[in-house]
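K.L.:
I have a structure here, written as structure tokens, and I will follow up with some questions on it.
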Amino acid sequence: MGREPGHTPQRKDAPTAEEVHAYLRDHPDFLVHHGDLVHHLTPPSQDRGRGVVDLQAYMVERLRGEVRLLKDQQRELIGTSRANMNSQNRIHAAVLFLLDAQSFEQLIQTITTDLAVLLDLDVACLIVESNGQDTPHVQTSGVRVVEPGTVDRWLGKADVALNADIQGDPELYGPGAGLVRSEVLIRLQVSSETPDGMLAFGSREPDSFHGGQGTELVGFLARVVERVIRGWLELPA
């Protein structure tokens, strides 16, 4: 028997239109759980008579939602890029201040005072481990002399720690500990002849520093601090 022109025979296992209609009628939330199928459907016109669901409106609303999501992601990306650029500019300015110091005392003052202003922080401290014999010859409240092993106790094997939603520790920040609600701690290894040290930057904002942030910029700042201290004290690497 001849095949009618333009007729495509159905596969034996393919459901009929009536079966699909019945299934969708019995499962009205099908597209809610399989929303990706909307992109493959041809929507009906808006005027299809009573009882016809307007899938076109559903598809438009879904597309609007996707556009809103993309715009939110774009705004977040732009905000992150601007914040990173701002942080980079602040670090560059801080490095220039460190290099411009005219004496070792001015350098220490820059680290413990100017860096807080330049980096928009509330507290900046230089932590120095005692070698058990000599006390570092510094006369400023921003330098904290601590017991040997303190840096490893705070950092473990890491070089940088970012801590959010905390209460600052007086061991690191002295009288300024009450201002600190988040912090970044960066290991300093000035010389093979000196004990370990640490930069402690604190902010009153609980989320200024958190574990998801990059540490490249503060790591670079710490390397600069190591080199300028080593230069002023004429220490070997």
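K.L.:
Of all residues in segment 195-218 being surrounded by fewer than 14 Cβ atoms within 10 Å (Cβ to Cβ) and under 18 Å from VAL95 (Cβ atoms), which is farthest from the chain's Cα centre (by Cα)?
P.N.:
My answer is GLU216.
K.L.:
Filter segment 85-129 for residues that are part of a loop (DSSP other than H, G, I, E, B), out of contact with any Ser or Thr (no Cβ under 9 Å at 6 or more places or on another chain) and either closer than 17 Å to GLY176 by Cα or modelled with pLDDT under 90 (or both) and give the result.
P.N.:
Of the residues in segment 85-129, the ones part of a loop (DSSP other than H, G, I, E, B) are 101-103, 119-122.
Adding the requirement that they be out of contact with any Ser or Thr (no Cβ under 9 Å at 6 or more places or on another chain) leaves 102-103.
None - no residue of segment 85-129 is part of a loop (DSSP other than H, G, I, E, B), out of contact with any Ser or Thr (no Cβ under 9 Å at 6 or more places or on another chain) and either closer than 17 Å to GLY176 by Cα or modelled with pLDDT under 90 (or both), so the list stays empty.
K.L.:
Whether any residue in segment 149-156 is over 24 Å from GLN88 (Cβ atoms), in contact with a helix residue (DSSP H, G or I) (Cβ under 7 Å, 6 or more places away or on another chain) and assigned to a helix (DSSP H, G or I) is what I want to check.
P.N.:
No: segment 149-156 contains no residue that is over 24 Å from GLN88 (Cβ atoms), in contact with a helix residue (DSSP H, G or I) (Cβ under 7 Å, 6 or more places away or on another chain) and assigned to a helix (DSSP H, G or I).
K.L.:
Right, something else. Could you run through segment 162-194 and say how many residues are closer than 18 Å to ARG144 by Cα and open to solvent by less than 50 Å² (accessible area, probe 1.4 Å)? Break it down into steps so the answer makes sense when it comes.
P.N.:
Of segment 162-194, the ones closer than 18 Å to ARG144 by Cα are 167-180, 183-190, 194.
Checking the rest, the ones that are also open to solvent by less than 50 Å² (accessible area, probe 1.4 Å) come to 168, 172-174, 176-177, 180, 183-188, 190, 194.
Number satisfying all stated conditions: 15.
K.L.:
Also: Could you give me the residue pairs with C-beta distances under 8 Å whose first residue belongs to segment 160-176 and is at positive phi, whose second residue is open to solvent by 40 Å² or more (accessible area, probe 1.4 Å) wherever it lies, and which are 6+ apart or on separate chains?
P.N.:
ASP165/ARG181; ASP165/PRO206; ASP165/ASP207; GLY174/SER141; GLY174/ARG144
The values are calculated or read from the model by the stated rules, or taken from the named source; none is laboratory data. Just so you know, these numbers come straight off a predicted model, no measurement behind them. Quick reminder, even Gly has a Cβ in these numbers, built from the backbone with ideal geometry, and neighbours come from all protein chains shown. Note: areas computed on protein heavy atoms with side chains; ligands, DNA, RNA excluded. Shrake-Rupley method; radii C 1.70, N 1.55, O 1.52, S 1.80 Å.
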